[in-house]
Every structure is written in C-alpha cells, then in structure tokens.
Amino acid sequence: MINNRICQILGIEKPVIQGPLSWLTDARLVAAVSNAGGLGVLGPNAGLTADTAVSTPEETAEKMREEIRKTKRLTEKPFGVNLIPTAVNDVWTGPILQVVKEEGVRVVVYTGYGEGSIIPALFSELKEAGIAIIYRDINPTPENTHLAEEMGADIIVATGFDEGGTLPATALGTFSIVPLIADAVKHVPVMAAGGITDNRTARAAHALGAEGVFAGSVFISTEESRVPQSVKEKIVAANGLDLLLFRTVPHYYRALPGKLAEKLASMDKAGASNEALGKAMGGLRGLRLGMLEGNTDEGYIALGTGIGNIRSVKRVADIVNALTVE
C-alpha cells in the first residue's frame, strides 16, 4: 500500500477511485478496479438494462444487493456504492443504504447537488455504521466542503468542469477547483475529478494538492467496461474538441456528436426552455440509450474533456497503474 491517506482510509493500495457512472457500472468493472488496487464503485443503475430496470425504491435496492453480491464473488478487495440523497421527498436512499449496511459495504460515494444535499442525519447514520464517506458535490465550493468535513466526510472530491456526465453549474476547470478545495479543507484528503485520463493529468492533479484521482470517462473505454465496442471506438477516435456542450439550468452537459446531441446543442443555442431541453434530453434514459446501447439518435454519449488522451482500449489494471502517483 502506498503511504497515502486515501489508501489508509479506504484500505486500498492505490489512490484511484472509479466514478459511479450510473448505468455503465457493473460487478465486472468494479471488481476489476478494486482487484487492480483502486476502489471500484457501483452506480445507482449498476448492472441494469432496459429490460431489468425497476421502478420502486425497494426493487432498486434489491437489484443493488444482487450486484453487490456479484462483485463480492469477483473480488475480496474493498469497493463502494453510490448514494445520491436529496433533501426533499427522498424515498430512494433509505432502502439502498439498508442494503449497503446489511451487505457489509464499507464505503459510499455520497453525491451532492449543492444546497441541501448535506443531510446531517444521513452522515450520522453512515458514521455509526462504520462506513467511510467520500463526499463529492457536483458544485464544489469552500462552503459545502467545510460543511461536509464538519459532518464527518472522510474524503472530499473536487470536481472540475472538465468532467463528463452532469457538469458543475460553475464553469471552473479542474486546475482551478482542486487547489481551491484543497486549501479549504482542514483535516481530510482531497481527490481530483475532471479530465484525468493518464499519468500526466494524474500528476498534475497531485501537484495541485490532490492526494488521489476520481476518474470516470477513462474507465468507460476499458476492456472490462460493459459499453458496446462501437462506443469504445468512438471514444478512442475522439478528443475534447469534438464534444458538444448544452445546458439545462443550472447544469451543463457535454456529449459526442450524434443526432440527439446535435439537436440538444442547437436547441440550447436557440434559447429553448429548460423544460423543452430536459424533455428532449430524456434524463438517464438518454444516457442508457447512447452509452449502453450505442443509440446516438435517441441517446447521448457523455464524456469529459480529457478523452483525447485515450488512444486505445486498455485493461482496467493498466488504467489504474497509469493514474497512480507515488
């Protein structure tokens, strides 16, 4: 194990965490990351497809239990589960958290979306259960960093605008947000997220004050990833200049060209309403169609700006090694 606070907190060998990636994670990918010495994380729709998707919190939690058990059969190393709690009408987090506790998962990636995301009672429940909390606010600020640290977060993730998926509402790049958040914490380590895809970008993140990296896009194109080969080939062939940017206030999104992505970018440029853009985007359904099924007519392929450094389909172990800075 590297002499690193993140490794010590999580019981892992290398300070590399694979982002939850919603539909795109499954037991195979997560176990591969953990077996390589990093920390794999099951996203909220891990292992699911259109045919196996469920509609109730209890059914979703049981599907997560199945994927947790599959992961345990593939690795004896630590891995995590993603929680995305909301302050109002949150009926999903409780059942998932109960499964996490019953199955003995010792790490959660707690995803926050700004004001109201840091729920003291939930932090207390996690701490009482002995679960390490990796807090990642989509809109990181010194203020929510201080609050998360006070509530008991073990690790803070500083997410820059360079990332894929749902982007921060403030267009502050990874090079700017990482030192800002690293300087804001008092006692816990910070990880960098956004555009980190190779050893050069990982070293840059460490130089800025991060003690590890939190990466998503680079794991999508790996051999162990469940996305179709056609999507992996598009990622390898593209770079950050190819990506289209559109916005449903307050958040931005970025995607490779395709019928839906081009339509969304045009709608945004023409001043379409949030409601119209959101409806056309299709939420996580659009992500599933584009990235899990390769259908860019009805879905989108969301990626970070660092994809130009992804030049081939590699094994997860090679990616984890490349992202490790000793």
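The figures follow:
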item	result
Residues of the stretch 37-52 classified as touching a residue at least 40 places away in the same chain (Cβ under 8 Å) and among the hydrophobic types (A, V, I, L, M, F, W, C), total	4
Residue identified as in contact with a Lys or Arg (Cβ under 9 Å, 6 or more places away or on another chain) and either under 19 Å from Phe214 (Cβ atoms) or not charged (D, E, K, R) (or both) among Ala61, Ala27	Ala27
Residue identified as touching a helix residue (DSSP H, G or I) at 6+ places or on another chain (Cβ under 8 Å) and surrounded by fewer than 23 Cβ atoms within 10 Å (Cβ to Cβ) among Gly94, Gly11	Gly94
Count - residues of the stretch 207-232 that are of a type outside the set (S, T, N, Q) and open to solvent by 40 Å² or more (accessible area, probe 1.4 Å)	5
Single match in Gly43, Gly38 (criterion: among the small types (Gly, Ala, Ser), open to solvent by less than 10 Å² (accessible area, probe 1.4 Å) and closer than 19 Å to Gly164 by Cα)	Gly43
Met267 being in a helix (DSSP H, G or I) and either in contact (Cβ under 8 Å) with a residue 40 or more places away in the chain or touching a Pro at 6+ places or on another chain (Cβ under 8 Å) (or both)	no
Residue count for the stretch 245-282, restricted to those that are in contact with a strand residue (DSSP E or B) (Cβ under 7 Å, 6 or more places away or on another chain), aliphatic (A, V, I, L, M) and closer than 11 Å to Thr296 by Cβ	2
Any pair with Cβ under 7 angstrom, 6 or more apart, that starts in the stretch 280-296 at a residue that is without any contact (Cβ under 8 Å) to a residue 60 or more places away in the chain and under 15 Å from Leu264 (Cα atoms) and ends at one that is of a type in the set (Ser, Thr, Tyr) and outside any helix (DSSP H, G or I)	Met281/Thr248; Gly286/Tyr300; Gly290/Thr296; Gly290/Tyr300
Among the residues listed as Lys70, Lys77, the single one being in contact with a helix residue (DSSP H, G or I) (Cβ under 6 Å, 6 or more places away or on another chain) and outside any helix (DSSP H, G or I)	Lys77
Those residues of the stretch 16-64 which are at pLDDT below 95 and hydroxyl-bearing (Ser, Thr, Tyr), in sequence order	Ser22, Thr49, Thr52, Ser55, Thr56, Thr60
Failed condition for Gly164, given (1) assigned to a helix (DSSP H, G or I); (2) in contact (Cβ under 8 Å) with a residue 60 or more places away in the chain	(1)
Unique match (being under 19 Å from Ser217 (Cα atoms) and β-branched (Val, Ile, Thr)) among Val105, Val109	Val109
Where a residue in the stretch 221-236 is farther than 14 Å from Arg315 by Cα and its partner, wherever it lies, is open to solvent by less than 30 Å² (accessible area, probe 1.4 Å) and of a type in the set (Asp, Glu), with Cβ under 8 Å and at least six apart	none
Hits in the stretch 51-78 (condition: within 17 Å of Ser22 (Cβ to Cβ) and hydrophobic (A, V, I, L, M, F, W, C))	Ala53, Val54, Ala61, Met64, Ile68
Subset of the stretch 233-256 (residues that are surrounded by fewer than 17 Cβ atoms within 10 Å (Cβ to Cβ) and touching a Ser or Thr at 6+ places or on another chain (Cβ under 8 Å))	Val236, Gly240, His251
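A quick yes/no check of all residues on (1) at pLDDT 95 or above; (2) buried (at least 19 other Cβ atoms within 10 Å of the Cβ); (3) not basic (Lys, Arg):
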residue	(1), (2), (3)
Gly258	yes, yes, yes
Ala265	yes, yes, yes
Gly283	no, no, yes
Asp297	yes, no, yes
Asn309	yes, no, yes
Lys314	yes, no, no
Asp318	yes, no, yes
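The values are calculated or read from the model by the stated rules, or taken from the named source; none is laboratory data. Not measured: the values here are computed from a predicted model. As a convention, Cβ positions derive from the backbone with ideal geometry for all residues, glycine included, and neighbour counts pool all protein chains shown. Side chains included, ligands, DNA and RNA excluded: accessible areas come from the protein's heavy atoms. Shrake-Rupley method; radii C 1.70, N 1.55, O 1.52, S 1.80 Å.
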